[in-house]
There are 2 protein chains.
Amino acid sequence: MSDSQKFPVAAHALAYLAHKNATSPEHAISSAELAASMPTNPVVVRRVTAMLARAGLIDTRAGAGGGAWLKRPPGEIGLDQVLRAVHGCTHLGVPPPGAAGCPVGERIPVAVGAAIVAADQAAAARLAGITVADLLSTDPEKL
Amino acid sequence: MSDSQKFPVAAHALAYLAHKNATSPEHAISSAELAASMPTNPVVVRRVTAMLARAGLIDTRAGAGGGAWLKRPPGEIGLDQVLRAVHGCTHLGVPPPGAAGCPVGERIPVAVGAAIVAADQAAAARLAGITVADLLSTDPEKL
DNA sequence: GTAATCGTAACTGTTGCGATTACCAATCAG
DNA sequence: CTGATTGGTAATCGCAACAGTTACGATTAC
């Protein structure tokens, strides 16, 4: 896989919604406004917000005055949920298949893969200790 | 950045060297043999072994009978050192620059970047608890 | 109805990567 | 010394993934 910017965009969007107190349909923020705050393209934002909506972190509504708003309090949204919502992982690579026929050569990739999974879980656990609300705190408590 | 396979290749190469007890110049393993065990291309292996040599984890020698061998015991090579040797990171993306002029919009990317660094460090700390020797153990103790 | 907005598809240009080829330097065998 | 083997590195190719953009249908407020 490649260097996707989905996670940073998602985290930024959620933090922006929290900052604007967008917690109900009448305070929805449009993809254009979110995009302007990054800055990036509204379509890029909508691609991410659609995934966040599917994960149940936000809701969106089409039409005039539509946009996105938070479905849960910012302090209850861990960044690990954000990472999962955008299908992110730590991307340390995929183990090579290993030479067929060599009993040791076939076992090494399994061990390497397990190490990558362990590192991935450790990163997710660390992100679970940071919430969207933490992204707005002025002093770097948990960061 | 993209989904680089350098880390899995490096870990596999080190584990293979450990399995072959390649710990001195006279037991050097050629890039061709390492490549055959993945399988991949010898040049890809040499690109990685050159980085591992620069990091002091292995030594290499050119010429007939040359190749690579471990410079340190497998149990003393943590996978975090391997990751650093190949300049790896968790690749969660780079925070967007943020809209200039907005005090909050400019602070969010900093916080997001700090969260990414925290996740990166957590993954490295987890990898530090796994050594090349662990990759060869038959039972999944630390994996 | 009109305007605004989301969701999604299609397309483009760029970037990064693995693989391959090629060449030079280094090393050993004879 | 000569030749064969091997690592290091550069150049190149083809592929895949991504951000950005345009476009269009569907939905909603006024």
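Taken together, the values in this text are just the output of simple stated rules run on the coordinates, not laboratory data. Everything numeric in this text was worked out from a predicted model, so none of it was measured. Positions of Cβ are generated from backbone atoms using ideal geometry, with glycine treated the same way; all protein chains shown enter the neighbour counts.
Structure values in brief
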read-out	value
On Cα atoms only, tilt of B:6-19 relative to the major axis of chain B in degrees	30
Among A:A128, A:A35, A:A114, residue whose mean-square fluctuation peaks in a GNM of chain A (springs only between Cα atoms under 10 Å)	A:A114
GNM result for chain A, Cα springs below 10 Å: residue of A:A85, A:A22, A:A115 fluctuating most strongly	A:A115
Other copies of B:E33: label-to-label distances in nm, shortest first, labels 7 Å along the beta-carbon direction	6.6
Hydrodynamic radius by Kirkwood, which averages 1/r over all alpha carbon pairs of the protein assembly as shown, in angstrom	20.5
Region A:6-136, relative contact order [Cα under 8 Å, separation at least 6], %	28
Lysine-lysine proximity count for the protein assembly as shown, Cα under 26 Å, sequence distance 8 or more or distinct chains	13
Of A:H12, A:H27, A:H87, the one that fluctuates the most in a GNM where chain A has Cα springs shorter than 10 Å	A:H87
Gain on full stretching of the segment that runs from B:Q121 to B:V43 - 0.36 nm per residue minus C-alpha separation	25.0 nm
For region A:76-81, 3J(HN,Hα) per residue [Karplus equation, 6.51 cos²θ - 1.76 cosθ + 1.60, θ = phi - 60°, Hz, x = Gly/Pro]	10, 10, x, 5, 5, 5
B:K71 long-range amide H proximity, modeled H, under 5 Å	B:I58, B:D59
Residues whose placed amide H lies under 5 Å from that of B:D3, excluding near-sequence neighbours	A:S2, A:D3
Alpha-carbon Rg with Dmax, taken over chain A, Å	18.6, 63
Chain B - mean residue ellipticity at 222 nm from DSSP helices (-39,500 (n - 2.57) per run, n ≥ 4, rounded to 500)	-14500 deg cm²/dmol
